[in-house]
Every structure is written in C-alpha cells, then in structure tokens.
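The values are calculated or read from the model by the stated rules, or taken from the named source; none is laboratory data. All figures in this text were calculated on a predicted structure; none of them were measured in a lab. All Cβ positions, glycine included, derive from the backbone under ideal geometry; neighbour counts span all protein chains shown.
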C-alpha cells in the first residue's frame, strides 16, 4: 500500500535512508534533553554549599557502578556483533549476540535495582539532598531509556524478528542498525553519568 | 479569554452566563480563578493552539504536498505524535475539573511559587506529552523534507514555506528537550520532594518550607527560556512561510530576495538559541550577561527585518489580487511589524527595566502572535481550503470576517501599549485598580473588552463560511489560484496515502509568475 521511498535504499543525493536520518535527529534531541539535565547538574553544583555534593556523592557505591559500566560497554559490543552477523546473513549468531545484549541490559537494571533499594533502605531518598535529587532524576531517566531500548530489543529477538528476516533480511538489519545507534547513545549517556555522579 | 477581559473591565462584579463557574463567590471571579485563566490561556493558545495548527496541521498536511511526496516519511510516528498530543490535551483540559483545579502559575510556571500552587502537577504531566508530540512531529517533518523531495526538487527550488517548516522543526527538536528536562525536575520537586528550584531558607505563606534547599529558581528560568525563546520563532516562522506563499501567488511575481530570506531565517534559527536571557534582565544575573544577551537580541532583529523588507519589496510593481487570503497576508505585514518593532525596547536592558511585566509586554507579543501568526493562519486556511476540500470559501463572507477582525484586533491590543507605557503591571486580577498610577489609563479596559467581544463576533462569518462551504458541492478544481507550487497539481482533495495521481517531476523554481514569453502568467513547477 505504502509507496514511501528510501525506507531501505539510500537516497543518492543525501546518502541516507529515512530511518538512519530519523534516528540521528532523535539522538540530537536526546542530547539536548540530557544536556539540559547535565547543565542543571553543573548549575546546582555551583550553587550548592561547599562540599555538599562531595559528601553526598561519597555515599554512592562505586564498585557496583563500575560493574554496570563494564556491563553496558559489553552490551554495546554484542549489539554491534549482532548487527554484523545479520549483515553476514548469520541469523543464529545474530540471535545469540542480541540475546547477550538483552542479558547485559537486564543485568544493568538488576544492579541498579539493588543500588536503589539499598539507598532507600538507608533512608536516602531524592528529597534527602540536591545531589541525591539529581542523582535519582538522571539515573532514573537513564533507566527509563534502558527499559525502552530493552523493549525494542526483545521485540526483535522474539519471533517477530525471524518473520521480518524471512520477509526481507535487509529490513531487519536496518531496524537493528537503528536500534543499535540508540543503544550506543544510551550507553554513552551512562559513560557521562558514571564519572559526574560517582567519581567527581 | 473573554471572561478575563470582562473581569478586567468590571472587576468585583458577578460575571454573566459563566458566573456559575465561580458559584462559591456568588459569580465573582477570585484572584486565583483569574490566575488559572491567565496560565491556561497562555498554555492552551501556544501548546494546544498555534503550534499544533502551524506545525502539526499546516506542516503535516502541506509539507508532503509541496515537495511532491506521497506521505510523511514515518506514518506511524506521525500517528503517535498525534495521539501523544491528544493525551496531553486531554490532561490539560481535564485539569480544570479536578478538585485542585488547573495550573495557576502562569504559562511560564516560575518556581518557587509553581512548586506550591495547586494544579501544577497536571500541567507538567500534560506538558511532557505535548512536548513529546512536538518532538516526534518535527523529526518526521525534517526527515520528510530531506528525504522525500520529488525528483528535480533541489534545495533552492523548495517553496519558502518548506524552508520555514524545516527551520521550525529544527528549533523544536533542539529547544523542546531542555523544557522537558525542566518539567521533569519541577515534577520531582512537586512529587518527590526534591529542591532543585527551592533556595535555602524559603518562607511560603508565612511558614518555613521544609525542604533541603540549596536549589535555584533561576535554573528554571534559564531552562524554560532556552525553549521559550526559540518557541517564539516556532510560532512566527510557519506564519511567515504561509504569508510568503500567498504574497507570491497574489502579486503574480517571484518573492523578492528568496535566497536572502532563506539565509535570513536560517541565521535567525541559529541566533534564537542564544538570546533567551533577554527575558531575565530583571533577575539580577549581572551586567555582563545582560550586555551579551542585549547584543544578541539586537542582532536577531536583523533577519526578521530582512524578511519583512523582502515581503514589502515583493509587493512593488505587482498586479495585486485583493482576495481574502491576500488581505490577511497583507495585514500580517504591518501587524507583525508593530509586534516586532515594539520588541526592541524590551530587548534593551535599560528600557526593559521600566517596561518589564507591564501591559506593554502583553501588547508586544500579542501583536506578534494574534494579528501576526493568527492572521497568517487565517490566510492559510482561506488559501488552502480549496485544496483540502475541493471547495472555495466564499469571498464576501471572507471579507466580512477580515475587516472587522483587523479593526477590533487593534482595538484590543493597541491600548495595551498605552497602559504599559504608563506602568500598569500585568497579571493583576482586578486590572490594577488599587494603584494610583493606573487610575488614568484604566478606562481603556472597557474599550478593550468591548473590542474583544466584537472581535469574537467577527469570527461568526468565518465559522458560517466554513460550514456553508462544506455543505456546498465540490468543484474539485485543482488550481483555483493559478499557483505554481507542487501541491496544486494534485487532485483536490489529494488522494489518500499517495497524494498525486501522476508521477511528480520538478522543472522550475517555486515562484515562476509572469515569465516573459509564456502564454500564461504562471509556470507550475511540475510542467516542463
């Protein structure tokens, strides 16, 4: 029914297909979203009393966050591998790598859950301090992005992916490429969150 | 809006007809009711009115048609943008009927007050949906323009309207997320008890506020105006695009300085990101900051003047057809001119100290968006109605709509400059009766209120016109205005999901009117 051009093939004069351009613009707007929050962090850090952010920052669990960082980086690698396998028409390998990506994402959420609950257990809430407020807001929003990404990944890992692959392997590869770009972005946000919240 | 005007003219008196809404006070509007109406008027007009109309409706409908595309690039994204807007709109409107009532902290929602005042949580939730809707919609518009242009339609053959939509969409994509971030922070302040926008030692309604403190109300203002200044251009750019199309068509001439206008609006789009703090001269952010933002504000007025000058020069030597769309488009020029030029004293920090938060500001931005953007949208409706429905709106009723609208529009907003220059503050529920300096200019309120009601009555011919035309028989004429741009080569109304009934190839620039040596005075883009 639809006759929309350049869904998969690249438009000659722009060198892009629709979804690739779309996801980059989406990421640009996401950068502005997190950029707004990061600048709020900087603003609040300057406005806070001396040592306030350091004191509350020291209450965070650095080893757990380091583990989570490694987990997300691994998931980005497996994400690439799954896309590459798909490009090489190796569907089983694609499914394995995508599964690993999903596992890493879920593992990240589990660790985050443990971190959050232990904070609540110690009576630390977003209202405890400005630092904790921005910590919970930033990581919470990031967790929502991970959740969203996982939903999409699970969707493509499910039989829907197989059906799409049988219909047109390039279509699935295109979807996985675009999802991967988003996944790398979410990973990158964490790479920024980790130092400013846990290490600074 | 009418209720607000009635209140300003006749404060402390029961309001007829809608008085039951304020039953507890015997039909008299209380200050908090006035604040609610003020806040929701701004919110509804901007986020539920002009943006969805100018970008959502006109953009979404005309962009694929004007670039010869079968549809938008992402139809599902388009639908989700609409439904997200729908949910946001329902939340906003439903907030009137909750026990807390709708938001009453102004459309700007300045903290710390907005953290404590009731109704704000619904407002923030609604905003998050509306912002998401705009983001999805504008991404779609950008991809559509970049990717789906018909063969032969190069960048400088695009109609000016498409260029304005492209810049607008970039503004939305890049400026809206910081407001989303700010809304999330404010929501946290209200729901999770954080204190991002609450300074230490705050006292509210006589009680010390129990919060951690060390936050900053200024942070909200920075994040808010980082969106809200580009937002002004989001409101005006599509209007400029519509006016450009109609002026070229009805002067039967190419737009004068087409390329300079494109460069001007691109520059304007870029500059609009670095002028936001001219809304904050009175916050004590310091002279260096004020000087910087004053300078950028003066610079950003240049591209607007370039565009307006080009429009005026386009009229020169044209054989102008004074039909209804053209009348609205023509009146846009002086009205937007007044709106724009009265903005300059506000952009200069020294004069802004006096004018800030007076009715002068209200007059200024209403001239930009009411007789400016709104007239352009009217012009657009009259101009493209035959394309959407295959039926042309009645010219006589159109003129009956236009002339009183123009007259009463000025009747409403012109006295605001007088009141503002006399120092009358905005956002006062009784219009400022307790102030001595206001006593000389308060009599204007009655005049403005009567004008506002007449302005409302002037819309009756418009509504009648639409319904009567819809009831009439379609002619299906493809190109009733003898226009050159691509949308007029499609059937009226365009075919669903494909728009065009034959392949579109583009051979000409957008405004090849009165080309010497041709037998007709227009040369459509799609005809060799």
> Could you count how many residues in the range B:188-204 are touching a helix residue (DSSP H, G or I) at 6+ places or on another chain (Cβ under 6 Å), surrounded by fewer than 24 Cβ atoms within 10 Å (Cβ to Cβ) and more than 9 Å from chain A (Cβ to nearest Cβ)?
Replying inline: 2
> Can you name every residue in the range A:32-44 that is in contact (Cβ under 8 Å) with a residue 24 or more places away in the chain and surrounded by fewer than 18 Cβ atoms within 10 Å (Cβ to Cβ)?
Replying inline: none
> Can you tell me how many residues in the range A:9-22 are more than 9 Å from chain B (Cβ to nearest Cβ) and either assigned to a helix (DSSP H, G or I) or buried (at least 21 other Cβ atoms within 10 Å of the Cβ) (or both)?
Replying inline: 1
> What number goes with the only condition from (1) under 17 Å from residue B:5 (Cα atoms); (2) assigned to a helix (DSSP H, G or I) that residue B:464 does not pass?
Replying inline: (1)
> Which of (1) under 30 Å from residue B:465 (Cα atoms); (2) touching a helix residue (DSSP H, G or I) at 6+ places or on another chain (Cβ under 7 Å); (3) assigned to a helix (DSSP H, G or I) does residue B:321 not meet, given it meets every other one?
Replying inline: (3)
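Just to be sure before I move on: is residue B:185 buried (at least 24 other Cβ atoms within 10 Å of the Cβ), over 27 Å from residue B:516 (Cα atoms) and within 12 Å of chain A (Cβ to nearest Cβ) in the structure I sent? Before you say what the answer is, go through the steps one by one.
Numbers: buried (at least 24 other Cβ atoms within 10 Å of the Cβ): yes; over 27 Å from residue B:516 (Cα atoms): yes; within 12 Å of chain A (Cβ to nearest Cβ): yes.
Yes; evaluated as a whole, the condition is true for this residue.
Are any of the residues in the range B:68-82 away from every other protein chain (no Cβ under 14 Å) and either free of Cβ contacts under 8 Å to residues at least 60 places away in the same chain or surrounded by 23 or more Cβ atoms within 10 Å (Cβ to Cβ) (or both)? Quick ask: steps written out before the conclusion?
Initial filter on the range B:68-82 (away from every other protein chain (no Cβ under 14 Å)): B:82.
Now drop any that are not either free of Cβ contacts under 8 Å to residues at least 60 places away in the same chain or surrounded by 23 or more Cβ atoms within 10 Å (Cβ to Cβ) (or both), which leaves B:82.
Scanning the range B:68-82 turns up at least one residue that is away from every other protein chain (no Cβ under 14 Å) and either free of Cβ contacts under 8 Å to residues at least 60 places away in the same chain or surrounded by 23 or more Cβ atoms within 10 Å (Cβ to Cβ) (or both).
Has the range B:234-250 got at least one residue that is more than 10 Å from chain A (Cβ to nearest Cβ), within 15 Å of residue B:160 (Cβ to Cβ), modelled with pLDDT of 90 or more and in a loop (DSSP other than H, G, I, E, B)? It would help to see each step written out before you state the result.
We begin by selecting, within the range B:234-250, every residue more than 10 Å from chain A (Cβ to nearest Cβ); these are B:234-250.
Next, only the ones that are within 15 Å of residue B:160 (Cβ to Cβ) stay: B:236-250.
With the extra rule that they be modelled with pLDDT of 90 or more, the set shrinks to B:236-250.
Then keep just the ones that are in a loop (DSSP other than H, G, I, E, B); that gives none.
Within the range B:234-250, not a single residue is more than 10 Å from chain A (Cβ to nearest Cβ), within 15 Å of residue B:160 (Cβ to Cβ), modelled with pLDDT of 90 or more and in a loop (DSSP other than H, G, I, E, B).
May I ask you to say which residue of B:380, B:340, B:398 is free of Cβ contacts under 8 Å to residues at least 40 places away in the same chain, buried (at least 18 other Cβ atoms within 10 Å of the Cβ) and closer than 20 Å to residue B:247 by Cα? Let's see the steps before the verdict.
Working: B:380 fails: free of Cβ contacts under 8 Å to residues at least 40 places away in the same chain; B:398 fails: free of Cβ contacts under 8 Å to residues at least 40 places away in the same chain.
The unique qualifying residue is B:340.
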> Identify, please: which residue in the range B:128-139 is more than 11 Å from chain A (Cβ to nearest Cβ) and buried (at least 24 other Cβ atoms within 10 Å of the Cβ) and is, among those, nearest to residue B:78 (Cα to Cα)?
Replying inline: B:137
> residue A:62 versus (1) free of Cβ contacts under 8 Å to residues at least 40 places away in the same chain; (2) over 30 Å from residue B:142 (Cα atoms): which is the lone unmet condition?
Replying inline: (1)
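Listed here are the residues, each with its yes/no results for (1) surrounded by 13 or more Cβ atoms within 10 Å (Cβ to Cβ); (2) within 14 Å of chain B (Cβ to nearest Cβ).
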site: A:123; (1), (2): no, yes
site: A:132; (1), (2): yes, yes
site: A:156; (1), (2): yes, no
site: A:159; (1), (2): no, no
site: A:174; (1), (2): yes, yes
site: A:190; (1), (2): yes, no
site: A:196; (1), (2): yes, no
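Only one of B:379, B:370 is within 26 Å of residue B:331 (Cβ to Cβ) and at pLDDT below 95. Can you tell me which?
On inspection, the qualifying residue turns out to be B:370.
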> Regarding residue B:258, is this residue touching a residue at least 12 places away in the same chain (Cβ under 8 Å), more than 12 Å from chain A (Cβ to nearest Cβ), out of contact with any strand residue (DSSP E or B) (no Cβ under 8 Å at 6 or more places or on another chain) and surrounded by fewer than 24 Cβ atoms within 10 Å (Cβ to Cβ)?
Replying inline: yes
>> Filter the range B:141-178 down to the residues that are within 8 Å of chain A (Cβ to nearest Cβ) and closer than 30 Å to residue A:138 by Cα and list them by number.
In response: B:142, B:143, B:173, B:174, B:175, B:176, B:177, B:178
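Considering only the range A:51-61, state which residues are loosely packed, with under 14 Cβ neighbours inside 10 Å and either part of a helix (DSSP H, G or I) or within 11 Å of chain B (Cβ to nearest Cβ) (or both).
Within the range A:51-61, A:54, A:55 qualify.
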> What number of residues within the range B:88-115 satisfy the criterion of being more than 15 Å from residue B:36 (Cβ to Cβ) and surrounded by fewer than 17 Cβ atoms within 10 Å (Cβ to Cβ)?
Replying inline: 2
> Checking residue B:7 against (1) modelled with pLDDT under 90; (2) surrounded by fewer than 22 Cβ atoms within 10 Å (Cβ to Cβ), which test does it fail?
Replying inline: (2)
> Which numbered condition trips up residue B:488, out of (1) part of a loop (DSSP other than H, G, I, E, B); (2) farther than 22 Å from residue B:361 by Cβ; (3) more than 14 Å from chain A (Cβ to nearest Cβ)?
Replying inline: (1)
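Taking residue B:510 as the residue in question, decide whether it is in a loop (DSSP other than H, G, I, E, B) and without any contact (Cβ under 8 Å) to a residue 40 or more places away in the chain.
Values: in a loop (DSSP other than H, G, I, E, B): yes; without any contact (Cβ under 8 Å) to a residue 40 or more places away in the chain: no.
Considered against the rule, which asks whether it is in a loop (DSSP other than H, G, I, E, B) and without any contact (Cβ under 8 Å) to a residue 40 or more places away in the chain, residue B:510 comes out as no.
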